[in-house]
1. Would you pick out the residues in the stretch 51-92 that are at pLDDT 90 or above, open to solvent by 100 Å² or more (accessible area, probe 1.4 Å) and of a type in the set (F, W, Y)?
2. Taking only the stretch 10-22 into account, find how many residues are among the aliphatic types (A, V, I, L, M), touching a strand residue (DSSP E or B) at 6+ places or on another chain (Cβ under 7 Å) and at pLDDT below 95.
3. Looking only at the stretch 29-50, which residues are more than 19 Å from Q12 (Cβ to Cβ) and either open to solvent by less than 10 Å² (accessible area, probe 1.4 Å) or without any contact (Cβ under 8 Å) to a residue 12 or more places away in the chain (or both)?
4. Any residue in the stretch 51-70 that is over 15 Å from G28 (Cβ atoms) sitting within a Cβ distance under 6 Å of a residue that is among the β-branched types (V, I, T) and surrounded by 12 or more Cβ atoms within 10 Å (Cβ to Cβ)? List the pairs, counting only those 6 or more apart or interchain.
5. Give me a count of the residues in the stretch 23-47 that are of a type in the set (G, A, S) and in contact with a strand residue (DSSP E or B) (Cβ under 8 Å, 6 or more places away or on another chain).
Amino acid sequence: SILQKDVVTTFQSLRYKVNEEIVCSKTGYSIDALIVLEDGEIALEVDGPSHFNDYKPAARTRLKHRQLRKLGGRPLLVIPYWEWNQVSYGQWREGKTSKNRIKDKQK
């Protein structure tokens, strides 16, 4: 999707290595992207409007996120479309928001 490409491009512009459309060997789920860090990886899911019902994750989306968190073997960073749109695009591009989100997942 355009949103996913925009998110991935932003992380890449911040010098993160990002691999797109990875299949999780532990769950079989397709992961939108994998952010590769020096000390591990973070799974990245970019969720557009089809993943939600009135801003609440749809059942299939909740199940996927839960299984990726419990069985995927790596932290999961989920970026809903409205969050990407609400936060100033400049903040994502400058790394303020994206780097903070990565740090939170490394804890």
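1. Correct list: empty.
2. Of the residues in that region, 1 qualify.
3. S30, D47, S50, listed by residue number.
4. That search, which allows pairs on different chains as well, returns H51/T61.
5. Final tally of qualifying residues: 3.
The values are calculated or read from the model by the stated rules, or taken from the named source; none is laboratory data. Keep in mind the model is a prediction, meaning the values are calculated, not measured. Virtual Cβ from ideal backbone geometry, glycine too; neighbours counted across all protein chains shown. The protein model used for the area step is the full one, side chains on, heavy atoms only, and it has no ligands, DNA or RNA in it. Shrake-Rupley method; radii C 1.70, N 1.55, O 1.52, S 1.80 Å.
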